[in-house]
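Visitor: Sharing a structure below in structure tokens format, with a few things to ask.
We did not get these values from a lab; they are worked out from the coordinates using the rules stated. Because the structure is predicted, anything quoted here is derived from the model rather than measured. Glycine gets a Cβ as well: all are built from the backbone with ideal geometry, and neighbour counts include every protein chain shown.
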Amino acid sequence: MRDKVKSSTILLREPIEELSEGYMMEMQQRDKTKKIYDVDPYAEVYQLRDNVYGILTQSADGMGDPWMYLIIGPEKAMLIDTSFGIGNLKGLCDEITGGMPLVVGNTHPSFDHSYGNAAFGRAYCHEYAVPYMQQQMNPHIWDYLFDPDGNPIWLNFDREDIIHYQDWEAVGLANHALINLGGDYDIELIHLPGHHAGHCGFLDRKQRLLFCGDVFLSMRVGIGGPRPNMPYNQYATVEALRNEMVLLAKRTDEIDRLFPGHFVLDIRSTVIPSMAEALDAIVKNPGAYHYKEKTPRGFQYFRFVKGLGTVAYNDNSVYMKGKIDIENGRLEP
């Protein structure tokens, strides 16, 4: 076992909110279950439940460090998200599970959650995420991590430790589809759009745990809006997430804790109705933000979520149809 991971941060693109940063520092320094396996020196492994592990890697592109989760069922294991594809994640999962058959699922297609898919051959996601997954099926997806001289920009790591690229299959599932890990151990896919059109969570119905990607973050839930020339764009909005969150809030009694893709984890499910309330307030009045920040593309607006963090949105990311000029309160077609 190693004492620390092989990588080290060079540069952050943005500061990490103090509470989230403090939580991560405390966990990394004090959690007694933490292990770093020789098979993958880029990952910290934490035992969160008897059969559930959190796998933490450092961000390779200067953003928040991503969490992955490994669930061990009666007959199969499931890995949720695959980080950047640096290190031997497949070998790590095999060592933890004793070589059990492994199902891979992605909460969404962002670099830090799915670039490791090529090591596994197949990954399940929400059906709306498939076209976005297919966009990144090429061996050059990691080029942006390096400067013109071939040096890493944000994270110090060995380039030869990037996984070998091979074609893989993105399998789209419908909302509420079940993935069975043996016996009565089912994982339910739940569409949670907004941050991405095809974003989803995975509900461990046996343990009552929701692995929720970037939808319940202690720092900020970003809803950036449609991406040019891509399908299902209307779901990358506050309104789309509000619609699903209202439904999820009615199921809070089925969920005990939330495990997001970054920062604070093991969050009480009481934040689900709080998130639904905040999103609904934005849809009803986008100008009712708590603060705003100027960006190169205009303003970004923030509304607090009780017990969590903030939701960030812009003129183009509120409604499923039409754009709003939030500063002037004018709806555009």
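Visitor: Restricting the range 275-297 to residues that are in contact with a helix residue (DSSP H, G or I) (Cβ under 9 Å, 6 or more places away or on another chain) and in a loop (DSSP other than H, G, I, E, B), which is surrounded by the fewest Cβ atoms within 10 Å (Cβ to Cβ)?
Guide: A288
Visitor: Identify the residue in the range 1-60 that is buried (at least 19 other Cβ atoms within 10 Å of the Cβ) and charged (D, E, K, R) and, among all such residues, is farthest from the chain's Cα centre (by Cα).
Guide: D40
Visitor: So which of N233, N229, N243, N180 ends up being surrounded by fewer than 22 Cβ atoms within 10 Å (Cβ to Cβ) and within 24 Å of M100 (Cβ to Cβ)?
Guide: On inspection, the qualifying residue turns out to be N180.
Visitor: Right, another one. Taking the condition touching a residue at least 40 places away in the same chain (Cβ under 8 Å) and farther than 25 Å from A170 by Cα, does V39 pass?
Guide: Spelling it out, V39 is indeed touching a residue at least 40 places away in the same chain (Cβ under 8 Å) and farther than 25 Å from A170 by Cα.
Visitor: Let me ask something else. Can you tell me which of (1) farther than 18 Å from Q58 by Cα; (2) surrounded by 24 or more Cβ atoms within 10 Å (Cβ to Cβ); (3) among the polar types (S, T, N, Q) is the one T97 doesn't meet?
Guide: So T97 meets the others, but not (2).
Visitor: Considering only residues that are outside any loop (DSSP other than H, G, I, E, B) and closer than 14 Å to L70 by Cα, which ones fall in the range 104-122?
Guide: V104, G105, H113
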